2 protein chains.
Amino acid sequence: MEFRKPIPLHSAIKLTMEHTPLLEVEEISLHDSYHRILAEPIIAKHNIPPFDRAPYDGFAIRSEDSAGASEQQRVTFQVVDHIGAGSVSSRTLGKGEAIRIMTGAAMPKQADAVVMLEQAKLSEAGDRFTIRKPFQQLENVSLKGEDAAAGKVLLEAGGLIHPGTIALLATLGYAKVKVARRPVVGIIATGSELLEIEEPLVDGKIRNSNEPMLQAQIARIGVPYRSYGKLKDQLDDCYNLIKQALSETDCLITTGGVSVGDYDYLPAIYEKLGAKVLFNKIAMRPGSVTTLAVLDGKLLFGLSGNPSACYTGFELFTRPALLKMMGANKPYLRHTQAKLSENFTKANPFMRFIRASITLAEGRARVAPAGFNKSNAVTSLAHADALIALPGGSRGFSEGDVVDVLLLGTEEGEREWNL
Amino acid sequence: MEFRKPIPLHSAIKLTMEHTPLLEVEEISLHDSYHRILAEPIIAKHNIPPFDRAPYDGFAIRSEDSAGASEQQRVTFQVVDHIGAGSVSSRTLGKGEAIRIMTGAAMPKQADAVVMLEQAKLSEAGDRFTIRKPFQQLENVSLKGEDAAAGKVLLEAGGLIHPGTIALLATLGYAKVKVARRPVVGIIATGSELLEIEEPLVDGKIRNSNEPMLQAQIARIGVPYRSYGKLKDQLDDCYNLIKQALSETDCLITTGGVSVGDYDYLPAIYEKLGAKVLFNKIAMRPGSVTTLAVLDGKLLFGLSGNPSACYTGFELFTRPALLKMMGANKPYLRHTQAKLSENFTKANPFMRFIRASITLAEGRARVAPAGFNKSNAVTSLAHADALIALPGGSRGFSEGDVVDVLLLGTEEGEREWNL
C-alpha cells in the first residue's frame, strides 16, 4: 500500500498559489463589472468634485457682503438669478446680490459662500432675503477636489469590484473597465455510490451533493463552471473525459477517488496524464486527502468525496487559486478571532477546521460548532457561516479560548493568513 | 416652503417593513437556487446517513470476534468479500470473517465494527489480516441518522440558500426547491446635472454614478432590475414614465429630486399618482431626504441624489424591503460592535452612518472611517466594508468608544436591529 506523507497546511497553500497561473486581462462594460477583479489601478482622472459646488439648496453670495449681519441688524440680498443643478449662471455677482442655487450646482462667479434655505428669511415676492449672521469665506461650499484630487491613485489593481467601487468608476467616467478574464472551472464527480439528486435512495447509495455544492461555491466568487458528469468505471473512459475537460477549462475539480483505497483510481489517471502531483496528503482534518496536480499550467484539484471535506478543501485551496487567477489581492477567506463557546478536549496531531456559527453581536466574537462534526457530515454545512481553525498538536481547547476563525460568504478577503 | 418633520430611523424602518408585500412562491431547480430565499422549511425526509456505513477504508468485522486481541496474541480474520462504495455485500459474516469495505460503503449484515486499513496487518495474498486490539461494538461505524434523524426540521423557511444549504438539499433529494419569486426593481435617475458615464465632463455637471451603483447593490442580493433612464424636465413625461415603470416592476427606486428645492418635483408626482407618502424626512445623516411612498401595494423609494446618501438609503431601507418581499428571515445588514479608531467630537442631533473600514484581525473589532465623509462623497464608498452607526444626541464620540457597526457585503444578515 502507498504511504503518503502529510504536508503542513501552509506548505500546501504555498504550493497551490505558486502553481496558479494568472489569466489574461479583458475590458468589459462597467455595467457588467460587479464582482469582477480590477486589473488596473484607478487614478482620479479629474478632481472629485470637478468644480466648487453647493452642498445644500440655498443662495450663493459673496461672503464679504454678509459682514456685520446680526439678529438686530439683518443684511439684505437681492436674488438676481436661479440656477438648478447642472446649470451654470452667466451672472457675475455684484455687491449685495445673490443667486438661488440648488444642491450640487456649480458656484457662480464671485460667489464664495452659500446661505442655506433655512438660514434665509425670504421676502414674499421671493426676490430678496435677509440673513442674521455673517458668512465666512467658503462656508457651505463643497470644494473642487475635496473628495479626491486629480491624479491620486484611488484603487489598486486586484480589488473586488463592489457597488461602492462602481460608484467611483462611474464618477470618473470609466464606461469600460479592465478586469481579469474569469477562469472556467470543470467539475467531475467520482464514486459509484452516487445517485442523481432526483433519484430515489437505494440501499448503499447516497445522492451527489458535492457537485451542486461546488457549483454554488464557485458561483459565490462569480466564476462560471462546466459540469462533466460522473466518472465511469473504466480507466480509459475516465482518462478520456478528464483529458477533454482539461482542454475545455482553466481548472478542473474532481470529487472523490483520491483516497488510497483499491477503488480510487485518480492517482493512476494523474500518472497516465503526465500530471505532476504537488501534494496528496495534508496535515488537516477534514480534507487530508485533498490532492493537487498540475498539467500544462492547469490545476487539477482532487477534493475529498466527503461533503465537509470537499467544502473545506475548496474554500482553503481552490477558492484562493481561482481568485488569484483573476489577480485578486485578497484571495483568502476573511480572518478573525473569536472565543470558543465549547470544549474540544481531544487533541489532534492534524490541524482541524470546524464548521461553525459566529456571533458578532457583543463586541467580542464568539464561535460555536454548527452541529455534527465529521468529515462526512452535511447538516453542519447548512448552518455554518465560519470555519474554526484549531492548530494541530498535543493539547485540546477549552471554552473561552481565543481561536482563529475564517468567515464564509463575505465579499472582503485577506491578503494572507498566518494560520 | 414645505416643512418636513423628521421621523426616527427605527420608525422609518418599521413603516417600510409594514408596507412591504410578500411575493408569490415558485418552484425552481436546485441548480438555480443559489442565493435565493427558502420558502419552505426543510425536513429530513430520511435519515442522514440513510444506512450504517464505514467512515474509513478498511475491513468490516463482527466486534465479538476481536475479543482478546493484543500485540502478543493477534487475532486473524479471513477476507471473504470486497465491497466498494455504493455496493452492498450479499454475504452475512460468519465467525472470524471480514469484508473489505470502502469509505462510505454500507455495513454488511452482522458486521458492527470497522478495522481501519492502517490497523490491520495484511497477509501477502491479501486474503487474511491480523489485528492487535479488540474492537468495540460500533467502533469506526457511521450510524444511520447520526447526522440528522428522519423527520427533524433542519432549516426554517426564510433562510438564504448558500452552498452548504445546497449540499443538504441535494442530500435529501430536493431536485426542486420552493423559493419566493424575486422582485423586479425599476431604477429611474433624476437630475439635470447628470451625464452618462461615457460623456466628457461639462462645467456644472457630473456623471450618473447612482444608477450603476444601485444596480450592483441590487445584484448583490441576487435581484433583477430594469433601468428606465432619466426623468425628463416635463412633469407629464415624468408622470408617464413612473406610471409605466410601476406597471412593469414590483418596486421602484428613484434617485434625486426628493429635496424641498424648487426643482425637485417628485413630491408633485407622488401626489398626481395618488401614492401615499409614508415618510419624507428621517432623523439620519446622510440620507435624511429618503422618501418612501406606496401605491397599490408597491413601494416607491425616493433616494437622495448624493452618492453616499443614496447608498446608505438603499442599504438601510430598500435592501431589507426587497429581502422581506422574498420572505427572508434575516433581511437586515449584519450587525456587530467595534472600537472607534478616531474621534467624532462634533455632536449631531441626527443619527449618523459613516462609511467605514473594519478590522477583525485581533479578536476585538476596530472601525475607522473609510475616508472623506460628506453625503456627496464617493471615494469613501469604494473603500467601505461597513457603516458605523452613531446615535444622534448632544455628545460626540471618542477614539476607543464601542459603537454599532453594520457590515456590507456579507451573505448572513440579522433578524432585527436595535439601533
Check your understanding: Does the stretch A:354-378 hold any residues that are open to solvent by 10 Å² or more (accessible area, probe 1.4 Å) and not small (Gly, Ala, Ser), and which are they?
Key -> A:359, A:360, A:362, A:364, A:366, A:369, A:372, A:373, A:374, A:376
Exercise for review: Test residue A:217 against the stated conditions and say whether it is in contact (Cβ under 8 Å) with a residue 60 or more places away in the chain, touching a Ser or Thr at 6+ places or on another chain (Cβ under 9 Å), crowded, with 17+ Cβ neighbours inside 10 Å and of a type in the set (S, T, N, Q).
Suggested key: yes
Practice item. Select from the stretch A:16-59 the residues that are of a type in the set (S, T, N, Q) and either without any contact (Cβ under 8 Å) to a residue 60 or more places away in the chain or out of contact with any helix residue (DSSP H, G or I) (no Cβ under 8 Å at 6 or more places or on another chain) (or both) and list them in ascending order. Key: A:29, A:47
Check your understanding: In this structure, is residue A:62 out of contact with any helix residue (DSSP H, G or I) (no Cβ under 8 Å at 6 or more places or on another chain) and open to solvent by 60 Å² or more (accessible area, probe 1.4 Å)?
Key -> no
Exercise for review: May I ask you to list the residues in the stretch B:164-188 that are over 19 Å from residue A:219 (Cα atoms) and touching a Gly at 6+ places or on another chain (Cβ under 8 Å)?
Suggested key: B:180, B:188
Review point. Any residue at all in the stretch B:154-164 that is within 22 Å of residue B:328 (Cβ to Cβ), part of a helix (DSSP H, G or I), within 11 Å of another protein chain (Cβ to nearest Cβ) and open to solvent by less than 10 Å² (accessible area, probe 1.4 Å)?
Key: yes
Review point. Quick one: which of A:78, A:136, A:110 is of a type outside the set (Val, Ile, Thr), touching an Asp or Glu at 6+ places or on another chain (Cβ under 6 Å), open to solvent by 40 Å² or more (accessible area, probe 1.4 Å) and more than 14 Å from chain B (Cβ to nearest Cβ)?
Key: A:78
Point to revise | Those residues of the stretch A:280-301 which are closer than 22 Å to residue A:406 by Cβ, assigned to a strand (DSSP E or B) and open to solvent by less than 10 Å² (accessible area, probe 1.4 Å), in sequence order | key: A:282, A:284, A:291, A:292, A:299, A:301
Practice item. Check whether at least one residue in the stretch B:174-196 is of a type in the set (Val, Ile, Thr) and facing chain A (nearest Cβ under 8 Å), and report yes or no. Key: no
Exercise for review: Please work out if residue B:91 is of a type in the set (D, E, K, R) and in contact (Cβ under 8 Å) with a residue 60 or more places away in the chain.
Suggested key: no
Point to revise | Residue match in the stretch A:207-219 (condition: hydrophobic (A, V, I, L, M, F, W, C) and assigned to a loop (DSSP other than H, G, I, E, B)) | key: no
Point to revise | The lone exception for residue A:182 - which of (1) within 30 Å of residue B:381 (Cα to Cα); (2) of a type in the set (Lys, Arg); (3) not in a loop (DSSP other than H, G, I, E, B) it fails | key: (3)
Exercise for review: Answer yes or no as to whether residue A:327 is closer than 30 Å to residue A:25 by Cα, among the small types (Gly, Ala, Ser), under 24 Å from the mean Cα position of the chain (by Cα) and within 14 Å of chain B (Cβ to nearest Cβ).
Suggested key: no
Check your understanding: If you check every pair at least six apart or on different chains, which have Cβ atoms under 7 Å apart with a residue in the stretch A:185-206 that is touching a residue at least 12 places away in the same chain (Cβ under 8 Å) and in a loop (DSSP other than H, G, I, E, B) first and a residue that is surrounded by fewer than 22 Cβ atoms within 10 Å (Cβ to Cβ) and among the charged types (D, E, K, R) second?
Key -> A:190/A:230; A:192/A:233
Review point. In contact (Cβ under 8 Å) with a residue 24 or more places away in the chain, in contact with a helix residue (DSSP H, G or I) (Cβ under 9 Å, 6 or more places away or on another chain), surrounded by 22 or more Cβ atoms within 10 Å (Cβ to Cβ) and within 30 Å of residue A:30 (Cβ to Cβ): does that describe residue A:231?
Key: no
Point to revise | Identity of the residue in the stretch A:82-106, open to solvent by 30 Å² or more (accessible area, probe 1.4 Å) and closer than 29 Å to residue B:286 by Cα, that ends up nearest to the other protein chains (Cβ to nearest Cβ) | key: A:88
Study note, to complete from the structure: Considering the stretch A:336-353, residues that are assigned to a strand (DSSP E or B) and open to solvent by 30 Å² or more (accessible area, probe 1.4 Å), and then whichever is farthest from the other protein chains (Cβ to nearest Cβ), we arrive at A:352
Practice item. Only one of these is exposed (fewer than 15 other Cβ atoms within 10 Å of the Cβ), under 25 Å from the mean Cα position of the chain (by Cα) and among the charged types (D, E, K, R): A:27, A:40. Name it. Key: A:27
Study note, to complete from the structure: Residues of the stretch A:172-191 being under 21 Å from residue A:242 (Cβ atoms) and surrounded by fewer than 22 Cβ atoms within 10 Å (Cβ to Cβ), in sequence order, are A:184
**Study point:** In the stretch B:354-390, residue nearest to the other protein chains (Cβ to nearest Cβ) [restricted to those that are outside any loop (DSSP other than H, G, I, E, B) and in contact (Cβ under 8 Å) with a residue 60 or more places away in the chain]
**Key:** B:381
Review point. So which residues in the stretch B:192-210 are open to solvent by less than 20 Å² (accessible area, probe 1.4 Å) and not aliphatic (A, V, I, L, M)?
Key: B:204, B:208, B:209, B:210
Review point. Only one of these conditions is not met by residue B:141: (1) open to solvent by 20 Å² or more (accessible area, probe 1.4 Å); (2) of a type outside the set (S, T, N, Q); (3) out of contact with any Ser or Thr (no Cβ under 6 Å at 6 or more places or on another chain). Which number is it?
Key: (1)
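The values are calculated or read from the model by the stated rules, or taken from the named source; none is laboratory data. Remember, predicted model here, so these are calculated numbers, not experimental data. Neighbour counts run over all protein chains shown; Cβ positions are idealised from the backbone, glycine included. Remember, those area values only see protein heavy atoms, side chains included, never the ligands or the DNA or RNA. Shrake-Rupley method; radii C 1.70, N 1.55, O 1.52, S 1.80 Å.
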